[in-house]
1. Can you tell me which residue among ALA151, ALA201 is part of a helix (DSSP H, G or I), within 30 Å of PHE464 (Cα to Cα) and open to solvent by less than 10 Å² (accessible area, probe 1.4 Å)?
2. Please specify each residue of segment 238-251 satisfying the condition of being in contact with a Phe, Trp or Tyr (Cβ under 9 Å, 6 or more places away or on another chain) and open to solvent by less than 20 Å² (accessible area, probe 1.4 Å).
3. Identify the residue in segment 356-368 that is assigned to a loop (DSSP other than H, G, I, E, B) and under 14 Å from ASP322 (Cβ atoms) and, among all such residues, is most open to solvent (accessible area, probe 1.4 Å).
4. Could you identify the single residue in ARG284, ARG271, ARG280 that is open to solvent by 50 Å² or more (accessible area, probe 1.4 Å), basic (Lys, Arg), within 20 Å of VAL407 (Cβ to Cβ) and modelled with pLDDT of 90 or more?
5. Can you report the number of residues in segment 464-479 which are in a helix (DSSP H, G or I) and surrounded by fewer than 17 Cβ atoms within 10 Å (Cβ to Cβ)?
6. Being under 30 Å from the mean Cα position of the chain (by Cα) and assigned to a helix (DSSP H, G or I) is the requirement here; does SER163 meet it?
7. Can you confirm whether VAL255 is hydrophobic (A, V, I, L, M, F, W, C), more than 30 Å from ALA371 (Cβ to Cβ) and over 17 Å from the mean Cα position of the chain (by Cα)?
8. Taking the criterion of being part of a loop (DSSP other than H, G, I, E, B), farther than 21 Å from ALA292 by Cα and of a type outside the set (S, T, N, Q), would at least one residue in segment 384-391 satisfy it?
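The values are calculated or read from the model by the stated rules, or taken from the named source; none is laboratory data. As the structure is a prediction and not an experimental result, all values here were calculated from the model. Here the Cβ positions follow ideal geometry from the backbone for every residue, glycine too, while neighbour counts run over all protein chains shown. Remember, those area values only see protein heavy atoms, side chains included, never the ligands or the DNA or RNA. Shrake-Rupley method; radii C 1.70, N 1.55, O 1.52, S 1.80 Å.
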Amino acid sequence: MGLLSEGGYPYAAGEGGEWCDHLVRGLGQHDFELYALSRSARQEDSGWHALPGNVRRVRAAPLWGGPAPGSVGSAHGSYGREQRRRFAGHFGDLAAAITLPGDQAYRFADGLHGLADLARDEGGLAAALRSELALRALETACRAPGAHRAAYSTKVADLLVVSGFLERALRPLSLDWYGSADGDRGLAGVDLCHATSAGPAALPGLLAKRFFGTPLLVTEYEVHLREYYLAGTETLSLPVRTLLSAFHRRLAAQVYAEAALITAGDGQARRWQERCGADRARLRTIHPGMDATLYEAVGEGDLNDTAAGPAGGPALVWAGGDVEPHLWEALAAMRTAEPGVRLRVLGRPPASGSVPEGVSYGPAGGPEDYAAGDVVVLSGAADGFPTALAEAMFCGRATVSPDAGAVREVIGGTGLVVPAQDPRALAEACLALLREPERRARLGAAARARALELFTVEQNVSAFGALYLEVLSRAPVQHAAPDPSVPFSHAAGTQQPLSVSPRAASPTWAGRP
């Protein structure tokens, strides 16, 4: 399995390292090769996770800094006339696809595939993507009839920024990960590519599919295109933001179109993927996996005592984010009705200002933090998978959460849901659970059972193992001499039919020919 990442595993300071590590360790029957794109020197300096024995090797390349030394057009020097003509045509198609509105998927695909072929033939694209030829192609696309209005106002400085970004984003096209003369097969030797996003991390998978027919699986626990939109690019000019957003959008759509299957961590991410072009028939939901053993002492040992609650009176725990103003209003209303109510906030205290009576702060260190409360309250806006909510469920705690994001999908019917930013509804829901210890205990037990069914590492690994076999059964491994011991080494229907002799073709009944 070729695991493709950008800014993540196996780097210790990467995103998604924990779930990738669980996946690789949990699928010990598979060999893995890691193809990692780093985002900064600091990330590279952080080192790697301790890798298990089924990781055969790691190939890494940077998506930061300038082009590699000596990359003057190609591995063999500057492009000749024919190579420049090919580059101008393919890069012009890609540039047109990100400046023209409407359905330009075919043009983006043609440009991307053409550049990939050129990089493979000539040894690289780095200098060409930062050359005057690339700038002229970008400028021509921006000035073309029908181009996006913001593209018309591009300046030379804008074109330099965009070309520099494209050179970094398209570096996977120029890497030596696709086989070399010294016998290193690279991605030609893997049976399936698994990309951890639909951004540049998936580009090696697209090339492996184009060159070798290798199937591609894409997993996004944070949708790459959505994260780009939320990253904050206000410091860039409007033309630059327009072109870069279009590139990310076209790339995500291309990855979704060519992936055999696409997975998301929850329904909200899945809807984003569908809006960005993913085919609903190829979408799957695989919830993140958490280590359930970390919560056994609280979740199992304390379930019978949940009705009694922690010593010291009714207690709430606020988890999953910074305190929001409406919480203080809700707390004031609760303390008016129940003066003994206490609130434990998992987070840093404010740098200035007084802390209301009955409120204490503490770092979120582990399951014992959830055990300090009768009821766990999730913070107001749930972007992405609400990990803190799942942790509270593992601990057998009844929860009160805002009606946002994937909250309803996660809790099912095991907790209370209130309108977001509504202090009155929040106070009423918390008081209802604080006053009904038996109901609280029932909800907590149901929440833990649901978490154990849906959100464990074992569930996550098992689901991906099944997907690997599903994808390989449709696109079998490409071996010149398939090993009969390898499952799905032949596609259904590719076996030679059995030869049947005329005598064997004539069945007999009761001893008669």
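1. Values: ALA151 fails: within 30 Å of PHE464 (Cα to Cα).
Answer to the check: ALA201.
2. Selection gives PRO239, VAL240, LEU243, LEU244, PHE247, HIS248, LEU251.
3. Of the residues in segment 356-368, the ones assigned to a loop (DSSP other than H, G, I, E, B) are 356-358, 363-366.
Then keep just the ones that are under 14 Å from ASP322 (Cβ atoms); that gives 363-364.
On the way: PRO363: 103, ALA364: 79 Å².
Ranking the qualifying residues of segment 356-368, first place goes to PRO363.
4. Details: ARG284 fails: within 20 Å of VAL407 (Cβ to Cβ); ARG280 fails: within 20 Å of VAL407 (Cβ to Cβ).
Result of the check over ARG284, ARG271, ARG280: ARG271.
5. Start the filter on segment 464-479 by keeping residues that are in a helix (DSSP H, G or I), which leaves 464-474.
Filter again for surrounded by fewer than 17 Cβ atoms within 10 Å (Cβ to Cβ), leaving 465-466, 469-470, 473-474.
Residues in segment 464-479 being in a helix (DSSP H, G or I) and surrounded by fewer than 17 Cβ atoms within 10 Å (Cβ to Cβ): 6 in total.
6. On the way: under 30 Å from the mean Cα position of the chain (by Cα): yes; assigned to a helix (DSSP H, G or I): yes.
The answer is yes for SER163.
7. no
8. Going residue by residue through segment 384-391, those that are part of a loop (DSSP other than H, G, I, E, B) are 384-386.
Still in the running and farther than 21 Å from ALA292 by Cα: none.
Within segment 384-391, none of the residues are part of a loop (DSSP other than H, G, I, E, B), farther than 21 Å from ALA292 by Cα and of a type outside the set (S, T, N, Q).
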